[in-house]
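Shown next, in structure tokens, is the structure this report addresses.
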């Protein structure tokens, strides 16, 4: 099946702006396949697997982002989870960051073709960018273990942001490893969502960092 047909079958029926998400997320995946011929953006090109691992995975926890005025996607790669989330939440401003210039340029061209006025792309490292640009939520997929990311996201937390990270099924062990550094910096961590991807393609855990007084 095509990307659009797979997404129409897979995406939740109560997803906001569902038809627009299907159309534009499918086109985003097509652009990735086209660019993948000259630049390695992803190894996942099968329509169903790409629809699940790239788009469905990105949007299933959309309620955690609802109502935020500004979301930063740290290390967006080919545009995930930022582009799919921006389609679900068109009233929210999204800043997509990637330090790899070629990837940032691709995402910028994709955002232009998809006509996403609420999305801006920056070829920057998140640890440099967030010192100057406050956000309500910072998110990221496929990034470093939690004990390392605490240091990266500490400036955003000091500025009042929450951090929501897409992690795998072993998030508890990462949380335990990161806890000493979190306590030192008065950062609370907790699992705020879990879900299973279809076709036995894995389990996802969303971990939240926030500043707190109870650590």
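Looking only at the stretch 177-190, decide whether some residue is closer than 23 Å to residue 56 by Cα and outside any strand (DSSP E or B).
First pass over the stretch 177-190, keeping only residues closer than 23 Å to residue 56 by Cα: 190.
Pick out the ones that are also outside any strand (DSSP E or B) and you get none.
No, the stretch 177-190 has no match at all.
Among 55, 72, which is in contact with a strand residue (DSSP E or B) (Cβ under 7 Å, 6 or more places away or on another chain) and buried (at least 24 other Cβ atoms within 10 Å of the Cβ)? I'd like the intermediate steps shown before the answer.
Working: 55 fails: in contact with a strand residue (DSSP E or B) (Cβ under 7 Å, 6 or more places away or on another chain).
Sole residue among the options that is in contact with a strand residue (DSSP E or B) (Cβ under 7 Å, 6 or more places away or on another chain) and buried (at least 24 other Cβ atoms within 10 Å of the Cβ): 72.
Tell me, which residue of the stretch 128-150 that is surrounded by 17 or more Cβ atoms within 10 Å (Cβ to Cβ) and at pLDDT below 90 is nearest to residue 100 (Cα to Cα)?
Of the residues in the stretch 128-150, the ones surrounded by 17 or more Cβ atoms within 10 Å (Cβ to Cβ) are 129-130, 135-141, 143, 146, 149-150.
From the residues that got through so far, the ones that are at pLDDT below 90 too are 130, 143.
Numbers: 130: 17, 143: 14 Å.
Within the stretch 128-150, the match that is nearest to residue 100 (Cα to Cα) is 143.
From (1) buried (at least 21 other Cβ atoms within 10 Å of the Cβ); (2) part of a loop (DSSP other than H, G, I, E, B), pick out the condition that doesn't hold for residue 99.
Going through the list (1) buried (at least 21 other Cβ atoms within 10 Å of the Cβ); (2) part of a loop (DSSP other than H, G, I, E, B), residue 99 breaks only (1).
Being surrounded by fewer than 21 Cβ atoms within 10 Å (Cβ to Cβ) and either part of a helix (DSSP H, G or I) or touching a residue at least 40 places away in the same chain (Cβ under 8 Å) (or both) is the filter here; which residues of the stretch 27-40 pass it? Quick ask: steps written out before the conclusion?
Residues of the stretch 27-40 that are surrounded by fewer than 21 Cβ atoms within 10 Å (Cβ to Cβ), as a first pass: 27, 30-31, 33-40.
27, 30, 31, 33, 34, 35, 36, 39 - these are the residues of the stretch 27-40 that are surrounded by fewer than 21 Cβ atoms within 10 Å (Cβ to Cβ) and either part of a helix (DSSP H, G or I) or touching a residue at least 40 places away in the same chain (Cβ under 8 Å) (or both).
Failed condition for residue 113, given (1) touching a residue at least 60 places away in the same chain (Cβ under 8 Å); (2) closer than 26 Å to residue 134 by Cβ, with all others met?
Here residue 113 clears every test but (2).
In the stretch 81-96, how many residues are under 16 Å from the mean Cα position of the chain (by Cα) and part of a loop (DSSP other than H, G, I, E, B)? Working first, answer last.
Step one: list which residues in the stretch 81-96 are under 16 Å from the mean Cα position of the chain (by Cα), which gives 81-90, 92-96.
Then drop every residue that is not part of a loop (DSSP other than H, G, I, E, B), which leaves 81, 89-90, 92.
Total satisfying the criteria: 4.
Taking the residues in the stretch 58-69 that are free of Cβ contacts under 8 Å to residues at least 60 places away in the same chain and either assigned to a helix (DSSP H, G or I) or in contact with a strand residue (DSSP E or B) (Cβ under 8 Å, 6 or more places away or on another chain) (or both) as candidates, determine which candidate is nearest to residue 103 (Cα to Cα). Break it down into steps so the answer makes sense when it comes.
First, pick out the residues of the stretch 58-69 that are free of Cβ contacts under 8 Å to residues at least 60 places away in the same chain: 59, 62-63, 66-67.
If we keep only those that are either assigned to a helix (DSSP H, G or I) or in contact with a strand residue (DSSP E or B) (Cβ under 8 Å, 6 or more places away or on another chain) (or both) too, we end up with 59, 62-63.
Working: 59: 21, 62: 24, 63: 27 Å.
Per the criteria, the residue is 59.
The values are calculated or read from the model by the stated rules, or taken from the named source; none is laboratory data. Because the structure is a prediction, the values reported are computed rather than measured. Note that each Cβ is placed from the backbone with ideal geometry, even for glycine, and that neighbours are counted across all protein chains shown.
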